[in-house]
Amino acid sequence: MRVLKRQEVIDIIYGCTILGTGGGGTLEGGIEIVEKDFEEGREFILADLNEVPDEEIVACPYVCGSISPLSEEEEKKYAGLPGMEVTEAMKSFQTLEEYFGKPFYGVISTELGGENTADAFHVAALLGKPIIDADPAGRSVPELQHSTFYINDVPITPLAVATPFGDTAVINNVVNDLRAEDLVRAMACVSKNIIGVTDHPVKGSILKKSVIPSAITYSLNIGKALREANEKGKDAAVAITEAAGGKILFRGEVKDYSWETLDGFTVGDVTLDGEGEFEGHEYKVWYKNEHILSYRDGEVDVTVPDLICIIDSEGVPVTNPYYEKGQRLTIFALPAPKEWTTKRGLEVFGPRSFGFDLDYIPFTEK
C-alpha cells in the first residue's frame, strides 16, 4: 500500500482515458476531479489486490449514462431542481454504506476511464480509503453487465443509485445484470442522462477471484509512456503500442462524424481520410459510448473486446463524441484483457453481444 504522487495520479488519468476507448468520461473532467482533491490536501492511497482483507467489503462507485452533451431544451427540463454538494458517485457510495450499516474497506473503479476512474479515486480520497489496484473491465465499457464480476457470477446487488438532484435508492435484488442495466439506465434517462451508482459490494476473498489485477498500474504505465513521448517530441501512439503490445491502425483527418443520444447511450461514428502511408484509404470507427468496431475501406478491421484507441496530433486522447472535421487523428489497437477473450467473456462482450454477426479475431492475428 502506498500514497500516489501527483504526477502518478495524472498519468493514471491520462492512461485511463486512452484505455477508455472513447468513453469513460473526458480527460479534462477527470483531471479537474483529482486536481481539486490535491488542492484540498487529500491523498490517494493505492492498495494491491492481495492486501485487501478477505472479510472486508470493497465496492464500485461510478457514473452511468450518456456521454453526449445536453441540448438547450434538455437543460431547461431540469431547471429549478436542486443540486448536491457531493458527486453522484459519492452519494451512491454513502447510500450503500448506510444500507449496510458499516463503512467499507476500500474502493475499486468499475472501469478504466478518464472520469469514472477519477470519480472512484475521489470517493476513496475523500473518505480516506484505499483505491484497489484492480478493475472489473480493464477498459471502459458501455453496459453494467460488461464486467468480470458478471462473467464470474458475482451478484451486482445490493446497489445504490443517486441522481444529480439528490434522489437516492437501493436496489436489493434484480433478475440479472442485464435487468440492472435497464433499471439504472432508465433512471439516468430522466436525470440529465447521468446517475451515480455503487454496486458489487463484495468481500475481499471474492474480489480477488473476480477482477483484473494491477489494472491501475497498467493505466499508470500507459499514461507515463504517453507523457514521456510527448515531452520528448516522439510519436505518442508508437510509444504506447510498443509499451503495451499494440498496433497502429490508421492516421488521417476527420472526414465526417455523427452521433445521437439513444436510450441513454451516445451512439455514433467517425470517418477518417488517410494520410501518409494510409493515403487513399478510409477508416471508420463505430461506438456505443465506447469504440466497438472499426472498418478499413468498408471491411471490418478490429472489434471488441480489443481496445480501439484514438489520440490527436498533439498526443492527447480523444473522447466521444467530440470530433471536428479536419482534425488529425491516430487510431491504434491494444490487446483485450485475457478475461474477455474466453468463451464466456466473448458471449458477454464480443461483437455478437452488440448485434453484429461476426466472430472475434484478435488484431494481433491479422
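Values in this text are rule-based calculations from the coordinates and carry no lab data. Just so we're clear, the structure is a prediction, and the values are computed from it rather than from any experiment. Positions of Cβ are backbone-derived with ideal geometry, glycine not excepted, and every protein chain shown enters the neighbour counts.
Considering the options G30, I12, I131, tell which one lies farthest towards the positive end of the dipole of the chain, charges being +1 on Lys and Arg and -1 on Asp and Glu at the Cβ, about the Cα centre.
Checked the options; the winner is I131.
To the nearest 0.05, how large is the calculated FRET efficiency for K36 and D357 if R₀ is 56 Å and r is the Cβ-Cβ distance? Walk me through the numbers before you get to the answer.
On the way: r = 46 Å, r/R0 = 0.82.
Using R0 = 56 Å, I get an efficiency of 0.75.
What does the charge dipole of the chain about its Cα centre add up to, to the nearest 20 debye, if the Cβ of each Lys and Arg holds +1 and the Cβ of each Asp and Glu holds -1? Could the numbers behind the result be given before it?
Numbers: 34 positive and 61 negative charges, 144 e Å.
About 700 debye.
Roughly how many debye, to the nearest 20, is the charge dipole of segment 262-335 about its Cα centre, given +1 on each Lys and Arg Cβ, -1 on each Asp and Glu Cβ, and no other charges?
240 debye
For segment 267-290 and segment 12-53, what is the separation of their Cα centres, given in Å?
Segment 267-290 and segment 12-53 have Cα centres spaced 29 Å from each other.
Using only the alpha-carbon atoms, how far is helix 27-39 inclined from the longest principal axis of the chain? Give it as 0 to 90 degrees, nearest 10.
40 degrees
Can you tell me which of 74-85, 324-335 comes out highest on packing, and rank the rest after it, using the mean Cβ neighbours within 10 Å? Walk me through the numbers on the way to the answer.
Values: 74-85: 10.3, 324-335: 18.3.
Listed from highest to lowest mean packing, they are 324-335, 74-85.
If you stretched the chain out fully between R2 and T342, how much longer would it get, using 0.36 nm times the residue separation minus the C-alpha to C-alpha distance? Walk me through the numbers on the way to the answer.
Numbers: separation 340, 0.36 × 340 = 122.40 nm, distance 3.29 nm.
This chain segment gains 119.1 nm when fully extended.
Kindly express, to the nearest 10 degrees and within the range 0 to 90, the angle between helix 88-100's C-alpha long axis and the longest C-alpha principal axis of the chain.
40 degrees
Between V316 and T364, what is the label-to-label distance in nm when each label sits 7 Å out along the Cα-to-Cβ direction?
In this crude label model, V316 to T364 measures out at 3.2 nm.
If you stretched the chain out fully between D167 and K77, how much longer would it get, using 0.36 nm times the residue separation minus the C-alpha to C-alpha distance? Intermediate values should be presented prior to the final figure.
Details: separation 90, 0.36 × 90 = 32.40 nm, distance 1.65 nm.
Here the segment from D167 to K77 would lengthen by 30.7 nm.
Mind giving me the nanometre distance, one decimal, between the label points for E324 and E260, set 7 Å out from Cα along Cα→Cβ?
The two pseudo-label positions are separated by 2.7 nm.
Averaging the inverse of every distinct alpha carbon separation and then flipping it gives the Kirkwood radius. What is it for segment 288-366, in angstrom units?
Values: mean 1/r = 0.0737 Å⁻¹.
This gives a value of 13.6 Å.
Read phi for every residue in segment 173-186 and hand back ³J(HN,Hα) as whole Hz from Karplus 6.51 cos²θ - 1.76 cosθ + 1.60, θ = phi - 60°, with x for Gly and Pro.
For segment 173-186, the Karplus curve yields 9, 9, 4, 6, 5, 5, 5, 4, 4, 5, 5, 5, 5, 4 Hz.
Using 7 Å Cα-to-Cβ label points, what is the E253/V238 separation (nm, one decimal)?
2.3 nm
Hey, which of these cross-link pairs are over 23 Å Cα-Cα: K343/K366; K129/K203; K91/K203; K224/K247; K129/K224; K76/K288?
Details: K343/K366 20 Å; K129/K203 15 Å; K91/K203 21 Å; K224/K247 18 Å; K129/K224 25 Å; K76/K288 26 Å.
Those over the limit are K129/K224; K76/K288.
Tell me whether segment 57-185 comes out rounded, prolate or oblate; compute the Cα gyration tensor, take square roots of the eigenvalues as a ≥ b ≥ c, and use a/c under 1.5 as the rounded threshold. Show your work: numbers first, answer last.
Working: a/c = 1.45, a/b = 1.28, b/c = 1.13.
Judged from the Cα gyration tensor, segment 57-185 comes out rounded (a/c under 1.5).
What percent does the relative contact order of the chain come to when contacts are Cα pairs within less than 8 Å and at least six residues apart? Let's see the in-between values first.
Working: 900 pairs, mean separation 76.4, N = 366.
Relative contact order, the chain: 21 percent.
Which net charge results when you count Lys and Arg as +1 and Asp and Glu as -1 among the other residues whose beta-carbon is under 11 Å from that of T163? Can you show the working numbers first?
Working: positive: K91, K192; negative: E88, D167.
Here the charged neighbours net out to 0.
Between segment 157-188 and segment 320-366, how many Å separate their Cα centres?
27 Å
Once a ≥ b ≥ c are taken as the square roots of the eigenvalues of the Cα gyration tensor of segment 168-302, is the result rounded (a/c under 1.5), prolate (a/b larger than b/c) or oblate (a/b not larger than b/c)? Walk me through the numbers on the way to the answer.
Numbers: a/c = 2.57, a/b = 1.44, b/c = 1.79.
Oblate is the answer for segment 168-302, as a/c is 1.5 or above yet b/c matches or exceeds a/b.
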